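The values are calculated or read from the model by the stated rules, or taken from the named source; none is laboratory data. Remember, predicted model here, so these are calculated numbers, not experimental data. Here the Cβ positions follow ideal geometry from the backbone for every residue, glycine too, while neighbour counts run over all protein chains shown.
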Amino acid sequence: MSFRSIFFIFLLGISCNVWALTQKETPIEAFAHLPKYGNLQISPDGKHYAAVLRTDNGESVLAVIDADNLKIINRLNISGVHAVGSIYWANSDRIIASLIRNYGFLDMPIPTGEWIGLSVKGKNKGFIFGQGKGSGSATLQADSGFAVLSSLLPKEPNKVLMTVRNGKRARLIKLDVYSGRSKRVSRLPGENSQVVVDIDGNPIYAKASRSDDKENYFDIYKKSDGAAWERVDSFIDDSKGTVEPISFAGKNSFYVLDTRLNDTSSLVKWDLESEEPKLLYNHPEVDINSFNFDRNGSLYSIEIMPNYPQSIIVDPNSHYSKWHQDLSTAFKGALVNITSASDDGTKVVASIETDKFSPAFYLYEPKKNSVKKILDPFPLLKDVELSPVDAVTIEARDGVKLQGYLTTPKKDRANGHPMIVIAHGGPHGVRDEWGFDHEAQLLADRGYAVLQINYRGSGGYGRKFLYSGYGKWGAEMQDDLTDATNWAINAGIANKDKICIYGASYGGYAALMGGIREPDLYKCVVGYVGVYDLDMMFEVGDISQRQSGINYLRDALGTDKKSLLERSPVYNVDKLKAPLMIVHGEKDIRAHFKHALVLRKALDEIDYEYEWLTKKKEAHGFIKNKNREELYNKLLQFFDEHIGDA
């Protein structure tokens, strides 16, 4: 029997079981709970897995799992605002992991530069780099700075190579993964250096920053025959593009992500001897979405998403490329991510994501032509067939092409579905993508169509599209959402009398502005951890606490006071007609809680009714499962009351 046939029977069995199981409504907690497992990695000898586990309270755990029975045999709990970030097997006995700070489900995790270690049998559990303190630490690291993994050093299994930044200086160190002792290998040039090393951990390329009173520059260096670094190029960091190092690409060469050559990002191979860049891949409409590396850090493929996910093979000779193609053929149309493989290549772990089933981890054994599911991050959804997600393209009123996604309930409606327009956060540099979306699937499960459009200013579609949203908050960016809504009405997808708008972060702002600018279009409005006073963004929240953040706000929002007030929901509440719900975490420092408070004050002053849900210990997006359940229960009740069938 062929490899593909095995997979077809496997999937057919799931589909048959699902049909019987999805005739009843799926519990809200199935969609509300955050994924239980993440970042599953198999050990080099194939005997264990490492994974990040999430508790109901949103705390994370670094765990060792027996590969035969899937039982947790060791763990290291992380509490407070810290969480486990990236994890790696340094060798078959030792896991290392970076730490991050997480200030909410919707906030970008912030690496701390600290590292922890955990052995299969639980020895030397705790910090191996950083300022962490507490019982059980392997060491209280005297070496200071912010550490980034540069190489796993395959020939030295008890050590890893780290780039350490301390202020404006940077250096390479070898770090013992058990004791935390370190030894400097090399100084790096310039400020905030990023380095590319070869397969043996030897530095070959560095990108470093410098600045004067007016401009920020980036310099590119190569390692000369001696110990010195030689500068080979320099450029200004601005809207015309930049260069980011990716990985080693063979003798005297490396890969970079270049956004200077074309409007969309390009994969470029740079030869250090000729100092000539060679364009390897560029898509004319979308940026490169992500990169796939093997255990040694070698790039084997890239991912793009013009509408649906596509994989582009960079190194056809890599075993990982062959495995990736096998799994992509078997799970046709799915988003395949190989997380890890055993050193002998007999066991491969991959995350498989589609629109129809929640993401899950699978074990692929190439020599046996077999595959099996290992873990379900969303265990309450493991046997639930989800609603289809289709890519859509519309034309805005001024002719700009907009791409997005439509999630539709399984049950057809003659007069169009009640529909929720969800505006993504960010807004700049972020985009909606095809695949599993817990909120869209919850709403579709309850009979609502969901429209998510990548309005101008979203990421992923090149520099021109990204910067076309700057200064357009509450204006052309808002018109894009309106035009997408009207498209769905005219196409017969949505019932014009049953449409609500909802969003989080910038999406919360866009939801309120949608209700203000189009009071007769949306029948209800929900703002979740939104910003509602654009002028106040320069005064409160963590963005305004650094000069780079102030510069961003000036570019993205503009500085004209009158315009900022005209485009702020808090000064335009008198234009609202639709029922309103406001949701916020009181510890939010990204979209500061003060935004919700000033909006509430403005509403109270005109006696405008609204629903109010806040949580004292939540921040930028609820993390605790019980709070998420409450949020989605109230959200569904709100939508059902105003655009439901009853």
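Things worth noting here:
- Checked against (1) surrounded by fewer than 19 Cβ atoms within 10 Å (Cβ to Cβ); (2) among the β-branched types (Val, Ile, Thr); (3) out of contact with any His (no Cβ under 7 Å at 6 or more places or on another chain); (4) part of a loop (DSSP other than H, G, I, E, B), Thr393 meets all criteria but (4).
- Of all residues making up the range 260-276, the number that are farther than 13 Å from Lys222 by Cα, crowded, with 21+ Cβ neighbours inside 10 Å and modelled with pLDDT under 90: 0
- Residue that is surrounded by the most Cβ atoms within 10 Å (Cβ to Cβ) [pool: residues in the range 343-354 that are more than 17 Å from Ser311 (Cα to Cα) and not hydrophobic (A, V, I, L, M, F, W, C)]: Lys347
- Pairs with Cβ under 7 Å, 6+ apart, first in the range 367-394 and without any contact (Cβ under 8 Å) to a residue 12 or more places away in the chain, second acidic (Asp, Glu) and surrounded by fewer than 17 Cβ atoms within 10 Å (Cβ to Cβ): none
- Residue count for the range 510-569, restricted to those that are part of a loop (DSSP other than H, G, I, E, B), touching a residue at least 12 places away in the same chain (Cβ under 8 Å) and either under 19 Å from Ile110 (Cβ atoms) or aliphatic (A, V, I, L, M) (or both): 7.
- Looking across the range 239-261, the residues that are in contact (Cβ under 8 Å) with a residue 40 or more places away in the chain and among the polar types (S, T, N, Q) come down to Ser239, Ser247, Asn252, Thr259.
- Check on Asp219, within 30 Å of the chain's Cα centre (by Cα), of a type in the set (D, E, K, R), surrounded by 15 or more Cβ atoms within 10 Å (Cβ to Cβ) and part of a loop (DSSP other than H, G, I, E, B): no
- Helices (runs of 4 or more DSSP H) within the range 406-506 that include 1 or more residues modelled with pLDDT of 95 or more, closer than 22 Å to Leu635 by Cβ and not acidic (Asp, Glu): 438-445, 476-490
- Residue pairs whose Cβ atoms lie under 6 Å apart, sitting 6 or more positions apart in sequence or on different chains, and linking a residue in the range 482-506 that is in contact (Cβ under 8 Å) with a residue 40 or more places away in the chain and within 17 Å of Gln403 (Cβ to Cβ) to a partner that is of a type in the set (Lys, Arg) and not in a strand (DSSP E or B), are Asp483/Arg397.
- Check on Val243, at negative phi, surrounded by 14 or more Cβ atoms within 10 Å (Cβ to Cβ), modelled with pLDDT of 80 or more and among the aliphatic types (A, V, I, L, M): yes
- Restricting the range 355-384 to residues that are of a type in the set (A, V, I, L, M, F, W, C) and touching an Asp or Glu at 6+ places or on another chain (Cβ under 9 Å), the residue that is surrounded by the fewest Cβ atoms within 10 Å (Cβ to Cβ): Leu380
- One residue stands out in the range 317-340 among those that are touching a residue at least 60 places away in the same chain (Cβ under 8 Å) and assigned to a strand (DSSP E or B): the one that is farthest from Ile352 (Cα to Cα), namely Ser340.
- Any hit, the range 545-565, residues being among the aromatic types (Phe, Trp, Tyr), modelled with pLDDT under 95 and either under 23 Å from the mean Cα position of the chain (by Cα) or farther than 12 Å from Trp473 by Cβ (or both): yes
Matching residues to (1) part of a strand (DSSP E or B); (2) among the acidic types (Asp, Glu); (3) surrounded by fewer than 16 Cβ atoms within 10 Å (Cβ to Cβ); (4) on the phi < 0 side of the Ramachandran plot:
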| position | (1), (2), (3), (4) |
| --- | --- |
| Ala30 | no, no, no, yes |
| Gly58 | no, no, no, no |
| Ile73 | yes, no, yes, yes |
| Asn91 | no, no, no, yes |
| Ile96 | yes, no, no, yes |
| Leu99 | yes, no, no, yes |
